[in-house]
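Trainee: Take a look at the following structure, please.
The values are calculated or read from the model by the stated rules, or taken from the named source; none is laboratory data. Quantities reported herein were computed from a predicted structural model and do not represent experimental measurements. Glycine also receives a Cβ, built like all others from the backbone with ideal geometry; neighbour counts cover every protein chain displayed. Areas reflect the complete protein model, heavy atoms only, side chains present, ligands, DNA and RNA absent. Shrake-Rupley method; radii C 1.70, N 1.55, O 1.52, S 1.80 Å.
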Amino acid sequence: MAQAIAPANIAFIKYWGMRDADQILPYNGSISLNLDACLTTTSVVFDPTWDEDLVTLQFYQQEPQTAGGRARERVVAHLDRIRTIAGVTTRARVTSSNTFPADAGIASSAAAFAALTLATTAALKLDLDERELTRLTRRSGSGSAGRSIPTGYVEWYNGDDNGSFAESLAPPEHWDLADIVAVVDTSAKKIGSAENHLLAITSPYFKVRLEGIEQRLNATREAIARRDLTLLGETMETDAVSMHVVCMTQNPPSFYWSAGTMAVIQAVRAWRAEGLEAYFTIDAGPNVHVICAGSDRAELQRRLEALPEVSFTLANGPGAGARLVEAPG
Ligand code: PMV
């Protein structure tokens, strides 16, 4: 039996577009920050007497449920991947719970697959270093989950299977930033990122996005190293808009933004013009992540909650990577 905790992460430079759907290789490198308040805890127990895997998911403030369908299949496929490496066929019980609401629009799959990979490899006593663990986590299907393994500020490199790993650029205490998630729409129909990763290449703007990506990756690394919020924020907003332009122009198109998304973007830009330095970024959903200095966190949270379009907010500081809570001796 082993238990692991892993954080969700927010990408400053997005992973958008899959070059290899078997190995889960991206078209571009990406950079993110782990979130300290959005965590998944997962326990994995192996028992030779069981003849089936059992997956139990407990969402925030809800009763545990036995997973079926696609959710279960994704977990079992990843268990199989790790069992093959360990050379075992033993069945497992997986129990997973989140510290954040399922409808907050925070990609819970990154935290979930990072925690699952760490707990499963520990339970099977596989001796993997951090780099190997990020590569294995990447192959779960949720590529961005590999970025939830290393600590703090993290880059995931574009490369072949060996070269496409994630590593920490700086620990959480390097830079006191805040990410306030402004939840604007809890009912939006989910459009999975998996299918859109394959459609990105059908957009005529995908080429334009990739042409600018190295410059934005360099600027983001530099902004983190120098703790330059202006450089980080401007680069991050450009990258988020570029990702969404690709979505809106792919074939068939996807529109993740709602009226509430636009209202938060406008508010953040107006506050910035008045001198409160904050920037937006948006993942595959309508909710807006607002990035600011840790010292402005309370003020921004208050302002965001006062917007009629915002249902609730969730504030995060920089977080550590995945860690084991319990492992076999
Ligand atoms: O790792 P996936 O397949 O869940 O895709 C993540 C996509 C974004 O969250 C939109 C961007 C990112 O890099 O996290």
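Trainee: So for the stretch 95-112 (the condition being over 19 Å from SER148 (Cα atoms), in a helix (DSSP H, G or I) and within 16 Å of the ligand (Cβ to nearest atom)), does at least one residue qualify?
Mentor: Checked the stretch 95-112: no residue is over 19 Å from SER148 (Cα atoms), in a helix (DSSP H, G or I) and within 16 Å of the ligand (Cβ to nearest atom).
Trainee: Further, regarding this structure: Residue check: is ALA145 assigned to a helix (DSSP H, G or I) and either within 13 Å of the chain's Cα centre (by Cα) or at pLDDT below 95 (or both)? Show your work before the answer.
Mentor: Numbers: assigned to a helix (DSSP H, G or I): yes; either within 13 Å of the chain's Cα centre (by Cα) or at pLDDT below 95 (or both): yes.
Yes.
Trainee: Looking only at the stretch 270-290, filter to residues that are away from the ligand (no atom under 16 Å from the Cβ) and not in a strand (DSSP E or B); which one of those is farthest from ARG302 (Cα to Cα)?
Mentor: ALA273
Trainee: If you don't mind, there's one more thing I want to ask. Looking only at residues in the stretch 169-186 that are within 16 Å of the ligand (Cβ to nearest atom) and closer than 20 Å to LEU217 by Cα, which one is least open to solvent (accessible area, probe 1.4 Å)?
Mentor: Filtering first and then ranking leaves ASP179.
Trainee: Something else now. Would you point out which residue out of THR121, THR151 is touching a helix residue (DSSP H, G or I) at 6+ places or on another chain (Cβ under 8 Å), of a type in the set (Ser, Thr, Tyr) and within 30 Å of VAL288 (Cα to Cα)?
Mentor: THR151
Trainee: I would also like to ask the following. Test of understanding: among ALA37, ALA77, which residue is more than 15 Å from the ligand (Cβ to nearest atom) and touching a residue at least 60 places away in the same chain (Cβ under 8 Å)? Please lay out each step first, then the result.
Mentor: Numbers: ALA77 fails: more than 15 Å from the ligand (Cβ to nearest atom).
Being more than 15 Å from the ligand (Cβ to nearest atom) and touching a residue at least 60 places away in the same chain (Cβ under 8 Å) holds for just one of ALA37, ALA77, which is ALA37.
Trainee: Taking ALA92 and the conditions (1) without any contact (Cβ under 8 Å) to a residue 60 or more places away in the chain; (2) among the hydrophobic types (A, V, I, L, M, F, W, C); (3) surrounded by fewer than 19 Cβ atoms within 10 Å (Cβ to Cβ), which numbered condition does it fall short on, given that it satisfies the others?
Mentor: (3)
Trainee: Collect the residues in the stretch 269-300 that are closer than 18 Å to ALA223 by Cβ, of a type outside the set (D, E, K, R) and in contact (Cβ under 8 Å) with a residue 60 or more places away in the chain, keeping them in residue-number order.
Mentor: Scanning the stretch 269-300 gives THR281, HIS289, VAL290, ILE291, CYS292, ALA293, GLY294, SER295.
Trainee: Please go through the stretch 136-179 and give me each residue that is of a type in the set (D, E, K, R) and out of contact with any Gly (no Cβ under 7 Å at 6 or more places or on another chain), ordered by number.
Mentor: Selection gives ARG139, ARG147, ASP160, ASP161, GLU167, GLU173, ASP179.
Trainee: Let me ask you something else. Going residue by residue through the stretch 257-269, is there one that turns out to be open to solvent by 10 Å² or more (accessible area, probe 1.4 Å), within 12 Å of the ligand (Cβ to nearest atom) and either modelled with pLDDT of 95 or more or out of contact with any strand residue (DSSP E or B) (no Cβ under 8 Å at 6 or more places or on another chain) (or both)?
Mentor: Within the stretch 257-269, not a single residue is open to solvent by 10 Å² or more (accessible area, probe 1.4 Å), within 12 Å of the ligand (Cβ to nearest atom) and either modelled with pLDDT of 95 or more or out of contact with any strand residue (DSSP E or B) (no Cβ under 8 Å at 6 or more places or on another chain) (or both).
Trainee: Residues of the stretch 95-116 being hydrophobic (A, V, I, L, M, F, W, C) and over 18 Å from ARG323 (Cβ atoms), which ones?
Mentor: ALA102, ALA104, ILE106, ALA107
Trainee: For GLY321, are the conditions met, namely being open to solvent by less than 40 Å² (accessible area, probe 1.4 Å), outside any strand (DSSP E or B), among the small types (Gly, Ala, Ser) and not assigned by TED's automatic domain parsing to the domain that holds SER193?
Mentor: Values: open to solvent by less than 40 Å² (accessible area, probe 1.4 Å): yes; outside any strand (DSSP E or B): yes; among the small types (Gly, Ala, Ser): yes; not assigned by TED's automatic domain parsing to the domain that holds SER193: yes.
The answer is yes for GLY321.
Trainee: Looking at the stretch 40-74 only, could you name the residues that are more than 30 Å from ALA315 (Cβ to Cβ), without any contact (Cβ under 8 Å) to a residue 24 or more places away in the chain and in a strand (DSSP E or B)?
Mentor: Result: THR66, single match.
Trainee: Continuing with the same structure: Return the residues of the stretch 1-21 that are within 16 Å of the ligand (Cβ to nearest atom), farther than 19 Å from THR235 by Cβ and open to solvent by 10 Å² or more (accessible area, probe 1.4 Å); say none if nothing qualifies.
Mentor: Residues satisfying the conditions are MET18, ARG19, ASP20, ALA21.
Trainee: On to the next question. Sort out which residues of the stretch 241-253 are open to solvent by 10 Å² or more (accessible area, probe 1.4 Å) and either touching a His at 6+ places or on another chain (Cβ under 8 Å) or in a loop (DSSP other than H, G, I, E, B) (or both), and write them in order of number.
Mentor: ASN251, PRO252, PRO253
Trainee: Of the residues in the stretch 187-219, how many are within 15 Å of the ligand (Cβ to nearest atom) and either open to solvent by less than 20 Å² (accessible area, probe 1.4 Å) or not hydrophobic (A, V, I, L, M, F, W, C) (or both)?
Mentor: The number of residues fulfilling the criteria is 13.
Trainee: Next up: Tell me, yes or no, whether the stretch 22-31 has at least one residue that is surrounded by fewer than 15 Cβ atoms within 10 Å (Cβ to Cβ) and either within 14 Å of the ligand (Cβ to nearest atom) or assigned to a loop (DSSP other than H, G, I, E, B) (or both).
Mentor: Taking every residue of the stretch 22-31 in turn, at least one turns out to be surrounded by fewer than 15 Cβ atoms within 10 Å (Cβ to Cβ) and either within 14 Å of the ligand (Cβ to nearest atom) or assigned to a loop (DSSP other than H, G, I, E, B) (or both).
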